[in-house]
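Have a look at the structure below, then the notes.
Rule-based calculations on the coordinates, nothing more; no lab input. Treat the numbers as computed from the prediction; the structure is a model and nothing was measured.
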Amino acid sequence: MDRIGARMRKLISLLLALNLGVFLAGMALQHWSPDASTPMVFNADKIRLLALPAPPVRTPNQTAPALPPEKLADAPDAPRPEANARCLSWTSLDAAGVKAVETRLRQAGVAVNAYDIKLEQKLGWWVFLPPLDDAAEAQTRIDQIRLLGITDYATVRGGAMRNALSLGAFTTLAQARAHRAMLSGKGVEGVQYSPRPEAGLARLVFAETVSDDALPDLLVAWPEGLRPTRCTLP
């Protein structure tokens, strides 16, 4: 029994010595091991540091980013055309105004084919019989012109020219004047012509047959309320 007990004590002592050795070896390894914050290097000769990405290279077909547009300097105003003595204008003309203009030009010796009146709004000219008092009188006048062979007409139904009889619309003053002459030749009395209502600015333009020397005289001696202003040629 003593021999067995002695063996057991030796075995226990050996185990204790081994455990103590393992403990001391672990403590020594922990004390002498590199700091955990120190990076481990594996195959250092094969590792390359990554460089920052190079800026992109612009190819010829690439355009630079658009910059905010700069405020452009105000362009100088274009020179305005000067008023011309060969062009006179009125803000509007009615039949009485057209008649007064023609009378003034005739007195100055200007022939009817030596000038033209152009309208700003391109509404054209019309030939008409002035408004009558009521629809009954308009119908009586219609019966009269029908007996003269006039069938192209229309009654104005409203506005300032209510109950007038329209006898035709035309593009130019010359056409309106010729139509009035034709109607007068057939016996229709009181026929007038003028720009269509709301035609706006009317320009009197002289032909080249009117000499420059005569123009100053045409700027004066106009009827009251009909004095024109110089304008630019249309």
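Structure above, values below:
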read-out	value
Karplus-derived HN-Hα couplings along segment 217-230 (A = 6.51, B = -1.76, C = 1.60, θ = phi - 60°), whole Hz, x at Gly and Pro	5, 7, 8, 10, 6, 8, x, 4, x, 10, 5, x, 10, 5
Three principal axis lengths of segment 126-197 [C-alpha, angstrom, descending]	32, 28, 16
Global form of segment 77-231, assessed from the alpha-carbon gyration tensor, a/c cut-off 1.5	prolate
Tail fraction, Cα-Cα pairs, segment 124-164, threshold 14 Å, whole percent	45 percent
